[in-house]
1. Inside region 65-90, can you point out the residues that are closer than 23 Å to Leu43 by Cα and either open to solvent by less than 30 Å² (accessible area, probe 1.4 Å) or of a type in the set (S, T, N, Q) (or both)?
2. Go through region 140-155 and count every residue that is without any contact (Cβ under 8 Å) to a residue 40 or more places away in the chain and more than 15 Å from Gly79 (Cβ to Cβ).
3. Just to check your reading of the model, which residue among Leu167, Leu108 is under 19 Å from Glu45 (Cβ atoms) and either of a type in the set (Lys, Arg) or at pLDDT 95 or above (or both)?
4. Of the residues that make up region 24-35, is at least one part of a helix (DSSP H, G or I), open to solvent by less than 30 Å² (accessible area, probe 1.4 Å), out of contact with any Asp or Glu (no Cβ under 8 Å at 6 or more places or on another chain) and at pLDDT below 95?
5. Give Thr89, Thr73 a once-over and let me know the one that is polar (S, T, N, Q) and in contact with a His (Cβ under 9 Å, 6 or more places away or on another chain).
6. Are any of the residues in region 118-127 open to solvent by less than 20 Å² (accessible area, probe 1.4 Å), within 22 Å of Ile42 (Cα to Cα) and not β-branched (Val, Ile, Thr)?
7. Name the residue, out of Ile61, Ile42, that is part of a helix (DSSP H, G or I) and buried (at least 17 other Cβ atoms within 10 Å of the Cβ).
8. Give the residues of region 65-113 that are polar (S, T, N, Q) and closer than 18 Å to Ile150 by Cβ, sorted by residue number.
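The values are calculated or read from the model by the stated rules, or taken from the named source; none is laboratory data. As the structure is a computational prediction, the values presented were derived from the model and not from experiment. Because the Cβ atoms are built from the backbone with ideal geometry, glycine has one as well, and the counts that use them run over all protein chains shown. With ligands, DNA and RNA removed, areas are computed over all heavy atoms of the protein, side chains included. Shrake-Rupley method; radii C 1.70, N 1.55, O 1.52, S 1.80 Å.
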Amino acid sequence: MIRLATKADIDKIWQLRLDASALLKSRNVNQWQHEEPSVNHILHEIEQGSFYVYEVNHEIIGMIYLMHEIEETYLEIDGNWHYDLPYLTIHRLAVKQDYLKKGIADELMNYSIKYAKDHQIDVIRIDTHEDNKHAQRLFQKYGFEYCGVIMLSFRTKGDRKRLAYDLFIGE
């Protein structure tokens, strides 16, 4: 079941974050290999009421952050967004390694699309590391279109370059 995360979930969420970091490292993807996303980022997102978990038998096996605010790193893009409309940004999408290829990422993506529609948001934006081919295939499966390259904050350690995508879900 997908539900809103609470502060009480932070230890399980952090373990999932570490699990996802290890998976990315094993795939030679320089994403989530440093301090971000940090515990403080995630706690802030939980406090905002925008962080969701996928839970089965009291085990958190997936997570996603659905951001309503303007994503600062999306203001400058080497390329072009396809839609200049209010958008929802998907961040922190991760599934526990033991549950990969079981449709959990699909359920989280479908939840995000339904969430956007329920909130009258016609566009979803998302980004990933250029070496994260699994994420890129997932985005393409849902019809996301490549828009260009964005750079994460200068405070971000490691590779800051990300491939950016958007999806129109309106009528």
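1. Hits for region 65-90 are Tyr65, Leu66, Met67, Glu71, Thr73, Tyr74, Tyr87, Leu88, Thr89, Ile90.
2. 6
3. Leu108
4. Yes.
5. Thr89
6. yes
7. Step by step, each of Ile61, Ile42 is checked, and only Ile42 is part of a helix (DSSP H, G or I) and buried (at least 17 other Cβ atoms within 10 Å of the Cβ).
8. If the condition is that a residue be polar (S, T, N, Q) and closer than 18 Å to Ile150 by Cβ, then Thr73, Asn80, Thr89 are the ones that fit.
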